[in-house]
Amino acid sequence: MSGPPGEGPVTPGPVTPGPDGPQSPGPGTPQDAGTPAIATSASGDAPPPASGGEETAQDGRQPFGRIILESIVEGNSAMVTTLAIVAAIVVGGLLIAFTDPVVLTAWSNFSANPGNAFAQAWDSAAGSYSAMFEGAIFNPHTIAAVFQQASLASALHDGYVSAVFNPLSETAVNATPLILAGLAVALAFRAGLFNIGATSQWIGGAMLATWLGFGVSLPPFIHCVVCVIGGFVGGAVIGWVVGVLKARTGAHEVIVTIMLNYVMEYLLSYLLGTSALGKPGSNDLISPNIAGSAVLPHIAGPSLRINAGFLVALAAAVGVWWLLSRSTLGFEFRTVGANPSAARAAGMSVERTWILVFLIAGGLAGLSGAAVVQGTDHFLTFQSYGTYGIDAITVALLGRARPLGTVLAALLYGGLYAGGVQMQAVTQTPASMTEVIQALIVLFVAAPAFVRALFRLRGAKAGGEGQTLAKGWSG
Amino acid sequence: MKLELRGITKRFGSLTANDHIDLTVLPGQIHALLGENGAGKTTLMNVLYGLLQPDEGEFILDGQPTAFHSPKDAINAGIGMVHQHFMLVPVFTVAENITLGVERTHALGLLDRRRTRRDVRELSERYGLHVDPDALVEDIPVGVQQRVEIVKALLREARVLILDEPTAVLTPGETEDLFRVMRELKAGGTSIIFISHKLREVQAIADTITVLRRGKVVGERPPTASDSELALLMVGRKVELRVTKAPAQPGDVVLDVAGLTVPTGDHLLTDHPAAVDDVSFQVRAGEILGIAGVQGNGQTELCEALMGLLPSVAGSVRLSGRDITSATPRDRLRAGVGYIPEDRQEDGLVTDFSVADNLILDVYDRPPFASGLSLNLDAIRSTAVKRVADFDIRTTSTSTPTGTLSGGNQQKVILAREIGRDVKLLVASQPTRGLDVGSIEFVHRRIVEQRDQGVAVVIVSSELDEIYALADRIAVMYEGRITGFRPPTTSAEELGLLMAGAGTGPDAGTQAGAASDSPGEPTEPV
Ligand SMILES: Nc1ncnc2c1ncn2[C@@H]1O[C@H](COP(=O)(O)OP(=O)(O)OP(=O)(O)O)[C@@H](O)[C@H]1O
Ligand SMILES: [Mg+2]
């Protein structure tokens, strides 16, 4: 069913080919929720002809959650996503303005000086957003500073040039783990699987990368590569466990991944308290620093934090794009994701696909852990995983489960974080306002019909409708 | 209610699916729509039902111009549509599905389950539709789901009822039932728009027949018009309604099924212990075995067991002497089995995928479509272009999502994939379901061609016409057993009796017995 009863026909977005190749558009999102009489189900939705073997809840019938997610991910056009971001920024601006005490004072004197009330509100929001922009993309003052130097050479030497690029560097640094973890969610989603467990896989990757980082000594470059591979392997093992449990026992991956998140969080705390991973002689739950040889090198000079981890993330995105749209394995993944029964009849092993998908997705999330430890933190604490695993889900959703989209969404999130820090430093607005804006984006993205109504978009309807009308023998 | 369509035009991008269509449906009239696959029948009905908005044209109901912006509008105006498929909630009961949106409630707004059930039972009994209000929809066969759909529309008292290929999944008996219902409705003044590719049905039930071709009305004929006249009008060329074929030249045994038993899944209503019960038969190279029978007598399970999609509990399946009883579907496909599943959207296609991708769905990892791990997009595309042309698949391009194709064209995608490649054995379940007469002729020709090239073919069909047209030998299935093997010269009456489970003739025993006793020994082709 495509929506709450009584709602108008929910139609998938226009046929927008994904950024990653000849992707098919709209899902089997059923059309006519507007008919109270008729509840449709998506194409993969009929009961399996007869249950045999290891049937699980996944094949044959789409879980309700999946249908919702699918309509968010695939039912939204890039246009709606963009407009959702715009709407979130506008609403965020109102929130910034009307939580500012100065603005509130001005508004309490509204009748005396209405012009001032509006001006104050505008100043507050605009000030916060421009600070955010300066923190995330670029700060005009830094450019001015460069020109005030005697020569370009001295500007370079004294770090004035790097200062120009610092905001972008910070955005990229913040985006790196989100790209990788987001890909872990997006890849699974394309194969019809929910990966709520990027956290556990992140921890698995980070633990192995950290351990390899301080526990073994290797020549510089090799050490670094070994740790990155370790990160992939550490995450892949955790992902593989999920895949195997699902394939062998039919356990639902959502439950398994959520539970594994707890398991790994506590395992991390435990190991940090032992000599295996903990810092000798310290009572804090913290690991030793990794060796300098294991640190991911900076790629734009020592004063900018941007490091090779960002390149790893971009390479991973290209890799996932190739896997999904250019490889036989990805063809299998997508088929299993779109119609498991047809995949089975075409000779594909649905169970094997589940395992492989979770293995690779876990590896990607593990890389995210390695990128944080080797790129910026250099050690692991019992809280290092932060909210990467959760943000990864929203990033993947925003990116419509496509590699390029995921990269863009992660950059947006990274920029919001980087900008939020600057915003807090320069204005009265708390950095947590960025989280509010992120939440608003998700909220708007999750309500495409609302965004369409807000911006009076009708295009999506004409293009999307009928796509799934042609059903059954009757076409 | 008198319904007029005036100049209805619907375009999808550059494609004009409906081109200024005029149509008048009189009160109490059964108005048949005929047309080749992709002619625009379903599109026209979706427009009428408010699912699609016309680009031009208007509807006139009893003289009043009307527009339908959603199915809700259409339903309120007294238009009902029975879709073919997937319009039911699988986890709801029959009664819940039928009353969805028009729920019976107590004074407090609670669901009145007893009244719901009673209403449904009453209605289904009145029209002899035999649906169990308490069965879960996911547990009942497609044919019964179809009946649920009909009851659903009847409950909403539609005055114009659209039936889009309702008989495609019905058994002959069920079709008769449906026709009885249709006549009763007609007597009560309800108009019916009836779409079917089966000329005989149309001639039997319609008051008038409108023929569409490539989006345009090309003529209206009385039901007395002949088969060939209607076919000519539809397709625009002469159609051979019965493919001529030379006698079979059977070679070695390719498929040898001995004592195959497949347990009943919990989905079937039958109280028979096994879905496929001790079935034995052989198919030789260059021979077509037609498996006739009323749908739901184990044919689906037999095919799935042959493909390794369902496990068997006893018996064996050999392919050219090799035991493949426990081989995976992939092994079987690789060993040269082609498979046309009964339920195309469930098992045969990924509707979100492009036509090109669906054309390689089971050969995607083999040359020329793949080298190593990487897909060879050029080969995929060029093969698709060729198959689309060969099989006359009406699609705007090979990258069009298959779900937007007309029903018959979706079926052709599967046929092109499975018949278009080298196989030893072709297992085809309802291969021409939903195809127009011209396409049926073409597909039958291709299947016979395959046979003549030495492919062993198993055709499962509930259409006796199809069985007669193709089979060199006929096996009849009833309640999971093969009740007899017959030559294709057998009368329809005799087959009908076998299909109804009337006794097992003497040659049934000997044929089946011979097959299981001495698998290697050639049996006489009949
Ligand atoms: N949503 C859509 N987008 C693009 N093209 C479409 C869409 N729906 C239908 N078409 C095209 O419109 C044409 C008419 O399709 P329609 O389903 O009406 O045919 P039909 O007469 O019902 O055929 P069949 O007998 O095979 O069911 C086809 O070429 C089909 O591909
Ligand atoms: Mg149709």
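The values are calculated or read from the model by the stated rules, or taken from the named source; none is laboratory data. This is a predicted model, so every value here is computed, not measured. All Cβ positions, even for glycine, are placed from backbone atoms using ideal geometry, and neighbour counts span all protein chains on display. All accessible areas refer to the heavy atoms of the entire protein, side chains included, with ligands and DNA or RNA removed. Shrake-Rupley method; radii C 1.70, N 1.55, O 1.52, S 1.80 Å.
Remarks
- Where a residue in segment B:38-59 is open to solvent by 10 Å² or more (accessible area, probe 1.4 Å) and more than 12 Å from ligand 1 (Cβ to nearest atom) and its partner, wherever it lies, is at pLDDT 95 or above and among the hydroxyl-bearing types (Ser, Thr, Tyr), with Cβ under 9 Å and at least six apart: B:PRO54/B:THR9; B:ASP55/B:THR9; B:GLU56/B:THR9; B:GLY57/B:THR9
- A:SER200 at negative phi and surrounded by fewer than 24 Cβ atoms within 10 Å (Cβ to Cβ): no
- Check on B:ILE393, within 26 Å of B:VAL458 (Cβ to Cβ), within 16 Å of ligand 2 (Cβ to nearest atom) and either open to solvent by 10 Å² or more (accessible area, probe 1.4 Å) or at pLDDT below 95 (or both): yes
- Selection within segment B:75-115: residues that are at pLDDT below 80 and polar (S, T, N, Q). The member of this set that is nearest to B:THR43 (Cα to Cα) is B:GLN84.
- From the options A:SER169, A:SER124, A:SER162, A:SER151, residue that is closer than 30 Å to A:TRP107 by Cα and either open to solvent by less than 40 Å² (accessible area, probe 1.4 Å) or out of contact with any Pro (no Cβ under 8 Å at 6 or more places or on another chain) (or both): A:SER124
- Close contacts from segment B:213-228, counting a first residue that is open to solvent by 80 Å² or more (accessible area, probe 1.4 Å) and a second that is not hydroxyl-bearing (Ser, Thr, Tyr), with Cβ to Cβ under 6 Å and a gap of 6+ residues or different chains, come to B:LYS216/B:ASP19.
- Among all residues of segment A:274-290, there is none that is in a helix (DSSP H, G or I) and touching a residue at least 24 places away in the same chain (Cβ under 8 Å).
- Condition met for A:LEU304 (under 25 Å from A:LEU404 (Cα atoms), open to solvent by less than 20 Å² (accessible area, probe 1.4 Å) and touching a residue at least 12 places away in the same chain (Cβ under 8 Å)): yes
- Hey, B:LEU319 within 11 Å of chain A (Cβ to nearest Cβ) and of a type in the set (A, V, I, L, M, F, W, C) or not: no
- Residue check for B:LEU178: within 16 Å of ligand 1 (Cβ to nearest atom) and open to solvent by less than 10 Å² (accessible area, probe 1.4 Å): no
- Which numbered condition B:LYS72 fails, given (1) facing another protein chain (nearest Cβ under 8 Å); (2) modelled with pLDDT under 90; (3) crowded, with 23+ Cβ neighbours inside 10 Å: (3)
- Leading residue by the ranking (surrounded by the most Cβ atoms within 10 Å (Cβ to Cβ)) among those in segment A:377-417 that are assigned to a helix (DSSP H, G or I) and β-branched (Val, Ile, Thr): A:THR406
- The one condition in (1) open to solvent by 30 Å² or more (accessible area, probe 1.4 Å); (2) among the small types (Gly, Ala, Ser); (3) in contact (Cβ under 8 Å) with a residue 40 or more places away in the chain that A:ALA112 fails to fulfil: (3)
- Total residues in segment B:1-54, condition within 15 Å of ligand 2 (Cβ to nearest atom), assigned to a loop (DSSP other than H, G, I, E, B), more than 9 Å from chain A (Cβ to nearest Cβ) and under 19 Å from B:ASP73 (Cβ atoms): 0
- Within segment A:318-332, residues that are facing another protein chain (nearest Cβ under 7 Å) and more than 11 Å from A:LEU404 (Cβ to Cβ) sit with their Cβ atoms under 8 Å from residues that are of a type outside the set (S, T, N, Q) and assigned to a helix (DSSP H, G or I), at 6+ positions apart or across chains, in these pairs: A:ARG326/B:LEU377; A:LEU329/A:LEU323; A:LEU329/A:LEU356; A:PHE331/B:ASP357.
- Every test in (1) farther than 30 Å from B:THR490 by Cα; (2) in a loop (DSSP other than H, G, I, E, B); (3) not acidic (Asp, Glu) is passed by B:GLY296 save one, and that test is (1).
- Residue in segment A:255-273 that is surrounded by 24 or more Cβ atoms within 10 Å (Cβ to Cβ), hydrophobic (A, V, I, L, M, F, W, C), in contact (Cβ under 8 Å) with a residue 24 or more places away in the chain and outside any helix (DSSP H, G or I) present: no
- Candidate set: segment B:357-384, residues that are aliphatic (A, V, I, L, M) and loosely packed, with under 15 Cβ neighbours inside 10 Å; chosen: the one farthest from ligand 1 (Cβ to nearest atom): B:LEU373
- Whenever a residue of segment B:402-424 is open to solvent by 10 Å² or more (accessible area, probe 1.4 Å) and away from ligand 2 (no atom under 16 Å from the Cβ), its partners that are in a helix (DSSP H, G or I) and among the acidic types (Asp, Glu), lying with C-beta atoms within less than 8 angstrom and at least six residues away or across chains, give the pairs B:GLY420/B:ASP390.
- Any hit, segment B:477-494, residues being within 16 Å of ligand 1 (Cβ to nearest atom) and more than 13 Å from chain A (Cβ to nearest Cβ): no
- Being in a helix (DSSP H, G or I), open to solvent by 40 Å² or more (accessible area, probe 1.4 Å) and not hydrophobic (A, V, I, L, M, F, W, C) is true of A:ARG344.
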